Amino acid sequence: MEQFTGRVWVLGDDIDTDIIIPTEYLALKTIEEMKKYGFSPLRPELAAQIGKGDILVAGKNFGCGSSREQAPEVVKALGIRCVIAKSFARIFFRNAINNGLLLIEQPDLYDEIKEGDTITVTVNQDVDYQGKRYPIASLPENLVEIITAGGLVKAMRRRNGLED
Amino acid sequence: MGQTIIEKIIARNIGAASVKPGDIVTVNVDRVMLDDIMMPFIVNKFQEMGFKEVWDPDKVVLIYDHLVPASQQDDTRHYRIGDEFAARHGLTHVHRSDGICHQLMTEAGYVKPGDVVFGTDSHTTTYGCVGAFSTGIGYTEMAAILGTGQLWVKVPETIRVVIDGTLPEGVMSKDIILRLIGDLGADGATYRALEFGGQTVEQMSIASRMTMANMAIEAGAKCAAFIPDEKTAQYCGIQLSGFQAGLRGDADASYVKTLTYRAEDFLPVMACPSQVDKIRNVSELAGTVIDQVFIGSCTNGRLEDLQAAAAVLKGKQVAPFVKLIVTPASRKVYLEALECGALQTLMDAGAIITHPGCGLCCGRTGGILCDGERVVATNNRNFLGRMGTSKVEIYLASPVTAAACAVAGKIVDGVQV
């Protein structure tokens with residue numbers, strides 16, 4: 001079972017896509033140029049503080065709002081290993097899966113965790129926070145297929161005979 | 001077992017007798033909407049996936065609206081990439097400056113009752129106003145549709161909303177949908193369909209239904225659905241087929257819940273900063289001083305919205321310190337509002353009339369605000385930083401309420417002006 005440990009950043013409920021990446025930066029040419037503005041309306045300093053392998057923990061309805069796929073791409077480009085929230089908005093959820101950004105629904109962790117602490121995630125099993133284990137569900141099969149294929153782009157490349 | 005509107009649409013699309021919530025199915029797409037802001041990303045993904053041809057160019061509509069006219073140096077790059085893609089793949093449905101995507105998709109007849117439609121914008125839920133199944137997706141999934149004509153969907157559960165009676169004076173469909181979002185919460189309909197029915201909805205214009213379907217996403221909904229009727233047929237320029245005429249929830253359909261409202265109970269409301277589900281009666285907010293009013297967007301930029309605002313503003317003047325900015329949703333709406341005199345009335349009252357487009361609603365062009373300023377706006381989102389800096393307060397309201405606030409220079413109940 002895949003397992004990883006990371007430092008946690010904590011955000012609130014209803015973290016919308018305009019917070020994750022505001023519209024004014026959406027037409028920048030690359031995600032690399034965009035990522036420094038990630039979360040800027042809420043916490044302008046956060047993008048520079050996030051390190052590779054860090055984990056975001058948030059409340060309900062993470063990623064609500066726009067269909068902009070730049071949102072999960074920016075989160076991933078900032079080095080975030082996974083997002084753990086009480087719940088996710090549906091377009092963000094699909095976009096994240098298609099880009100290989102791991103999202104985990106967990107109802108209780110958010111209420112108890114402190115920013116800066118460390119957690120260990122065992123995919124499809126649980127989150128370990130200071131010895132307490134928070135169970136997490138397995139992803140539906142069709143989503144596992146997309147992730148296993150390496151994302152939707154790779155799945156389509158395989159369909160078109162460009163990858164084995 | 002009966003079916004909901006959305007279940008009927010999906011079942012017919014995949015050639016099944018019925019589907020049930022939770023089923024994961026692959027639908028055949030009837031129409032897609034691509035917008036300018038996402039175009040470079042869509043084209044990149046399409047190429048990266050190794051596609052050479054678009055599955056059906058006639059089913060593709062490309063609309064430039066978020067970045068028209070250009071306000072930043074690189075914006076025209078999006079038009080160039082879009083134009084090249086359209087030329088290479090023989091796309092003929094290209095709108096370069098005709099208005100806001102969701103207005104054009106229905107107004108120009110691209111969406112019919114029973115269609116399955118996807119767009120690279122979250123407010124694609126709008127087309128539920130004519131009884132289509134439509135929802136927003138990201139650019140990677142759009143690229144996959146352009147290549148294959150298909151997408152997987154999970155059949156959503158349906159929440160039924162029934163509204164009977166006559167709305168009080170000065171209350172618009174915007175007040176209904178805001179109140180509903182407040183009652184459901186910003187995630188109350190996540191992964192679900194919102195199906196609307198009842199006398200009040202039957203009596204509504206397509207434009208009013210459009211406002212409600214547009215904002216279904218603000219409760220997290222995957223899609224919205226209105227029963228196609230004679231008004232729908234006329235609006236779409238069609239005769240309803242047997243299938244289209246049968247797009248209503250069966251008596252024994254299974255709904256996850258049913259919400260029932262009396263139209264007479266609705267009041268003018270606002271979504272307060274910075275959550276769309278933070279709903280208050282306008283009377284509770286009365287007296288709050290404002291700096292700007294925006295009337296427009298894919299939510300409330302149609303002829304009836306501009307006429308409702310003009311009726312409030314007729315013979316009055318906008319408060320001297322308030323900027324009233326009005327954005328018709330399309331060129332067609334602009335011309336109609338010109339012909340009927342609504343624009344004249346609005347301008348006489350001191351309004352600035354802009355070109356049709358998305359710029360102001362998403363804080364991209366013309367009319368953005370600064371720290372500490374307040375705006376009453378008829379669009380669909382009041383998120384932090386949406387229309388300027390993160391310290392701008394955005395109050396979402398109906399066109400009637402917004403117009404009344406423009407005159408008063410503060411928040412006020414539209415009926416009182």
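Odds and ends about this structure:
- Subset tally (residues that are over 15 Å from A:Thr17 (Cα atoms), in contact with a strand residue (DSSP E or B) (Cβ under 9 Å, 6 or more places away or on another chain) and within 13 Å of another protein chain (Cβ to nearest Cβ)) for region A:80-100: 2
- Neighbours by Cβ (under 7 Å, 6+ apart or cross-chain): first from region B:248-268, under 22 Å from B:Thr232 (Cβ atoms); second among the aliphatic types (A, V, I, L, M) and assigned to a loop (DSSP other than H, G, I, E, B): B:Arg248/B:Ile227; B:Ala263/B:Leu167
- Only one of the numbered conditions (1) more than 29 Å from B:Arg192 (Cβ to Cβ); (2) within 14 Å of chain B (Cβ to nearest Cβ) is not met by A:Lys114, and that is (2).
- Filter result for B:Thr135 (buried (at least 24 other Cβ atoms within 10 Å of the Cβ), assigned to a helix (DSSP H, G or I) and at the interface with chain A (Cβ under 9 Å from one of its Cβ atoms)): no
- Scanning region B:88-128 for residues that are of a type in the set (S, T, N, Q), surrounded by 23 or more Cβ atoms within 10 Å (Cβ to Cβ) and under 21 Å from B:Ala143 (Cα atoms) gives B:Thr120, B:Ser122, B:Thr124, B:Thr125.
- Condition check for B:Phe85: within 12 Å of chain A (Cβ to nearest Cβ) and either surrounded by 16 or more Cβ atoms within 10 Å (Cβ to Cβ) or in contact with a Gly (Cβ under 7 Å, 6 or more places away or on another chain) (or both): no
- The listed residue being assigned to a loop (DSSP other than H, G, I, E, B) and within 22 Å of B:Thr120 (Cα to Cα), out of A:Gly100, A:Gly116: A:Gly100
- Cross-chain or 6+ apart pairs with Cβ under 7 Å, region B:120-138 first and at negative phi and of a type in the set (D, E, K, R), then part of a loop (DSSP other than H, G, I, E, B) and surrounded by 24 or more Cβ atoms within 10 Å (Cβ to Cβ): B:Asp121/A:Ser67
- On inspection, A:Lys35 fails the criterion of being touching a residue at least 24 places away in the same chain (Cβ under 8 Å), under 26 Å from B:Ala216 (Cα atoms) and either small (Gly, Ala, Ser) or crowded, with 20+ Cβ neighbours inside 10 Å (or both).
- Against the numbered list (1) surrounded by fewer than 24 Cβ atoms within 10 Å (Cβ to Cβ); (2) at the interface with chain B (Cβ under 10 Å from one of its Cβ atoms); (3) closer than 28 Å to B:Asp65 by Cα, A:Ala77 comes up short only at (2).
- Pair list, Cβ under 8 Å, 6 or more apart: region A:132-158 residue within 13 Å of another protein chain (Cβ to nearest Cβ), other residue among the charged types (D, E, K, R) and in a helix (DSSP H, G or I): A:Ala149/A:Arg158; A:Leu152/B:Glu141; A:Val153/B:Lys45; A:Val153/B:Glu48; A:Ala155/A:Glu145; A:Arg157/B:Glu48
- Residue list for region B:372-385, filter: farther than 15 Å from B:Val326 by Cβ and either modelled with pLDDT under 95 or not charged (D, E, K, R) (or both): B:Gly372, B:Asn380, B:Asn382, B:Phe383, B:Leu384, B:Gly385
The values are calculated or read from the model by the stated rules, or taken from the named source; none is laboratory data. Being a predicted model, the structure only gives us computed values, none of them experimental. All Cβ positions, even for glycine, are placed from backbone atoms using ideal geometry, and neighbour counts span all protein chains on display.
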